[in-house]
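To start, the structure under review is shown below, and the notes come after it.
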Amino acid sequence: MNILKTKYFIITFMACLGLILLQGCATYPVRPPSPHFSPVEITRIVSELREQESRVHTFFSTGQLTVKSEGSGSEYNILVVGTREAQKIKIEITHSWGRPILHVLINENGVHVLSFPEKRLYKGQPGTFVLPEFFTGKLDFAQLWGLVRGYPVLRKQIKSASSSGHQIAFKNEKGEEVQVMHFYDEKKLPRLISFPGEATEMLFSKFEKNIRGIYYARNIVLENSDNKSILALNFKQMVFNIPIPEAIYKLEKPSDFKLVPLKRSRKE
């Protein structure tokens with residue numbers, strides 16, 4: 001009797017094991033790829049992107065900045081103000097206990113970065129946005145505005161086409177892709193933006209919509225694949241279209257600070 005019970009147990013066990021292994025190797029249904037956007041959908045999405053851009057004239061935000069590079073990361077407090085028509089952005093980065101690290105001013109005259117630990121004032125040409133020790137990529141004003149405003153800005157393009165599901169590639173007059181946007185399935189909000197040939201990507205998440213119909217992402221990640229640097233923004237407060245005093249957009253060099261040209265990397 002015991003022998004029969006043992007054989008029955010072994011047979012039952014092997015049968016169950018076989019079912020488990022078969023289930024582990026079974027082929028599950030693969031989710032079909034998302035359909036391409038139709039011309040009508042592309043027109044609607046582009047119109048919404050343009051409308052969101054025109055809705056914001058100024059903004060003020062506070063939050064956290066996380067910097068990751070070569071496996072290590074650090075967190076800082078960040079304050080940002082911006083005026084779109086005048087193309088001005090002011091960024092203040094401080095330690096969690098309030099000690100200033102960088103004050104950054106972007107305007108028609110270029111980029112100015114006041115580094116308190118180094119006692120230096122970096123000055124660069126427009127379009128060479130760099131944060132010493134933080135980020136060494138290159139951003140133009142539209143890219144930077146989209147990053148800190150929490151919603152991407154369309155570059156100038158002649159035509160656009162949907163190249164794959166939930167993705168639109170924007171091209172210049174030469175037919176070259178200059179900006180590729182991937183969208184979330186549900187509300188067609190921008191998710192991932194890349195810039196072919198620039199090794200730069202932006203990821204937008206945790207979108208919110210205020211009472212005036214302005215969408216903005218609370219979390220934005222900027223990544224440069226050339227040097228593996230990553231900036232992650234987590235906005236706690238975002239206020240739109242309030243008066244920004246002109247005095248905010250001033251950056252004075254302390255007498256003991258050294259003036260240094262702003263370069264994209266220390267190798268230049």
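The values are calculated or read from the model by the stated rules, or taken from the named source; none is laboratory data. Only a predicted model underlies this, so the values are computations on that prediction, with no experimental measurement involved. With ideal geometry, Cβ positions are generated from the backbone for all residues, glycine too; neighbour counts draw on all protein chains shown.
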By residue number, the members of region 179-215 that are of a type in the set (S, T, Y) and assigned to a loop (DSSP other than H, G, I, E, B) are Y184
Conditions first: (1) more than 21 Å from L79 (Cβ to Cβ); (2) out of contact with any helix residue (DSSP H, G or I) (no Cβ under 7 Å at 6 or more places or on another chain); (3) of a type in the set (F, W, Y). F204 passes all but one, so which condition is the exception? (1)
Restricting attention to region 243-257, does a residue exist that is in contact (Cβ under 8 Å) with a residue 60 or more places away in the chain, touching a Leu at 6+ places or on another chain (Cβ under 7 Å) and in a strand (DSSP E or B)? no
Considering only region 186-219, how many residues are within 13 Å of the chain's Cα centre (by Cα) and over 26 Å from E176 (Cβ atoms)? 7
Scanning region 186-196 for residues that are over 15 Å from V153 (Cβ atoms) and touching a Lys or Arg at 6+ places or on another chain (Cβ under 9 Å) gives K188
Of residues in region 254-263 being surrounded by 14 or more Cβ atoms within 10 Å (Cβ to Cβ) and not β-branched (V, I, T), the one nearest to E85 (Cα to Cα): L262
Give region 79-96 a look and list any residue that's over 17 Å from I244 (Cα atoms) and assigned to a strand (DSSP E or B), or say none. I93, T94
Counting just the residues of region 11-66 that are among the basic types (K, R) and over 25 Å from V239 (Cβ atoms), which one comes out modelled with the highest pLDDT? R44
Return the residue satisfying two criteria in turn: it lies in region 219-268 and is small (G, A, S) and at pLDDT 90 or above, and of such residues it is farthest from H57 (Cα to Cα). S255
With the first residue restricted to region 184-203 and required to be under 18 Å from E51 (Cβ atoms), and the second required to be surrounded by 18 or more Cβ atoms within 10 Å (Cβ to Cβ) and among the polar types (S, T, N, Q), Cβ contacts under 9 Å at 6 or more apart or on different chains are I193/Q143; I193/Q179; I193/T200
Which one of these is in contact with a Phe, Trp or Tyr (Cβ under 8 Å, 6 or more places away or on another chain) and closer than 24 Å to T66 by Cβ: V180, V260, V239? V239
Among the listed residues V221, V239, which satisfies the condition of being β-branched (V, I, T), surrounded by fewer than 18 Cβ atoms within 10 Å (Cβ to Cβ) and assigned to a strand (DSSP E or B)? V239
